[in-house]
1. When the dipole is taken about the Cα centre of segment 87-191, and only Lys, Arg (+1) and Asp, Glu (-1) are charged at their Cβ, what size is it in debye, to the nearest 20?
2. Pairing the Cα long axis of helix 11-22 with the longest principal axis of the chain, what angle in degrees results, from 0 to 90 and rounded to the nearest 10?
3. Would you work out which of Val118, Asn383, Ala208 lies farthest towards the positive end of the dipole of the chain? Charges go on Cβ: Lys and Arg +1, Asp and Glu -1.
4. Only bridges whose two residues both fall in the chain count here: according to DSSP, what percent of them are antiparallel, nearest 5?
5. As I understand it, the dipole of segment 87-191 uses +1 on the Cβ of Lys and Arg and -1 on the Cβ of Asp and Glu, about the Cα centre. Which of Met145, Thr134, Pro106 lies farthest toward its positive end?
6. Considering the dipole of the chain built from charges on the beta carbon (Lys and Arg +1, Asp and Glu -1) around the Cα centre, which of Val160, Ala85, Val245 is farthest to its positive end?
7. In nm, give the distance between the simple-model label positions of Gln146 and Leu181, each being 7 Å from the Cα along the Cα-to-Cβ direction.
8. From the helices alone, meaning DSSP H stretches of at least four residues, give me the mean residue ellipticity at 222 nm for the chain, per-run term -39500 (n - 2.57), in deg cm²/dmol to the nearest 500.
Amino acid sequence: MARTYVIGAGLAGLSAALTLSRAGRAVTLIEATKRAGGRCRSFHDPALDCIIDNGNHLVMSGNKAAMKFLDEVGTRHRMVGPRSAAFPFFDVESGKRWTVRPNWGPIPFWVFAPWRRVPRTSFLSFLPALKLLTAGPRQTVADVMQAKGALYRGLWEPLVIAAINAKPEHAAAVLMKPVLLETFARGAGACRPLIAKVNLAESFIDPAIDILESRGVDIRFGERVQALATQGGKVGEFTIGDEQVVLDDGDDVILAVPPWDAASLLPDLKVPGAGEPIVNVHFRLPRPPMGDGTVELMGLVGGFAQWIFVRDDIVSITISAAREEAQLGADEIAARCWKDVQVALGVDGPVPQFRVVKEKRATFAQDPETVAKRPGPITSLGNLLLAGDWTNTGLPATIEGAIRSGRKAAGLVLKPGKGRKA
């Protein structure tokens, strides 16, 4: 039986393996580390004495691929958020609070309701955002919409930085189009924010591994593919340590690794460069700040941090596009984030136990020039496909993009006659 070797067990690789195994394809999943998840991983932190995520990942209810993934592994119920589409914000400088509340249905009646939108704005404030729908490939978000005003500061700027991990003056405008069309433009049913109730591993990773094992997928952890050998325009074999894995006719390879690893295995492959880091801080409080253990998220404006995620007694902070912040020491980062947490959540006391996680290569650089360099899933090698949020998914580097890329590559394996030309 023909076999597909999926190299990399992040969400792109897991998505590919799930799609292939569901169709009855023989699959070998190879992961260099001892655990699956890639940049969407969870681990036990001894200082906090609990499981934390490497970063805070937000999923929107309109992310169809992510929702399908969760349904397949049976864990949609492990993603939680507000009952309706609601995005609470807090202005650290002024102390003002507001909540952006899109309405149900595709017609955005909510922009006419002052209580649903950012204070000191009108429905006319939203008109410049329409230019994002016709933005050219060389334009940044700041090029196409007015980079000032209450709406920009209170919604668009934090949304762009969170979605693209780049400040508006650098973020490719074309990446915001699908974000808006697939979520806000479809109404409240598609833009309900969701986060893992416990952690990412419980929601996405571990259940996927369980499903793959139940389907007989050969999973190999702690084994790094070191080299690919080509023959006749295909991958003929690859090396894992001292082992040579020889491919039979009909076998395929899906390379679902970070771009820098892909480039090391395929020297002629052009990949986008590393982008802005993301810094996350996890605090463990003496008691849940919400009182009843409610899971909550909040956007911050005018502070050091940008988003707060609350899970029981764990308060997690995210700082995207964090090139400057990542240069600071952990103690300073934690102290400055804690000041934002204190005023936003109304808690007091000294800085509690914390863990700072710096993802220095969180995403590829998502500026217009770099976005244009994203490769598609098809390569010049007839049996080798690419997957990963850095490939040309049309989306920013997100969970949704990673899952779609894996499904796309797997679909090309299952239907080899459909567009398999480099």
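None of the figures in this text is laboratory data; all of them are computed from the coordinates on show. Remember, it's a predicted structure, so these values are computed and weren't measured experimentally. Reconstructed Cβ throughout: ideal geometry from the backbone, glycine too, with neighbour counts over all protein chains shown.
1. Numbers: 13 positive and 6 negative charges, 46 e Å.
Roughly 220 debye for segment 87-191.
2. 50
3. The residue sitting farthest along the positive end of the dipole is Val118.
4. Values: 47 of 67 bridges.
So the antiparallel bridges amount to about 70 percent of the total.
5. Pro106
6. About the Cα centre, the residue reaching furthest to the positive side is Ala85.
7. It is 2.6 nm.
8. Values: 10 runs with 93 residues, N = 422.
Estimated from H runs of four or more residues: -6500 deg cm²/dmol.
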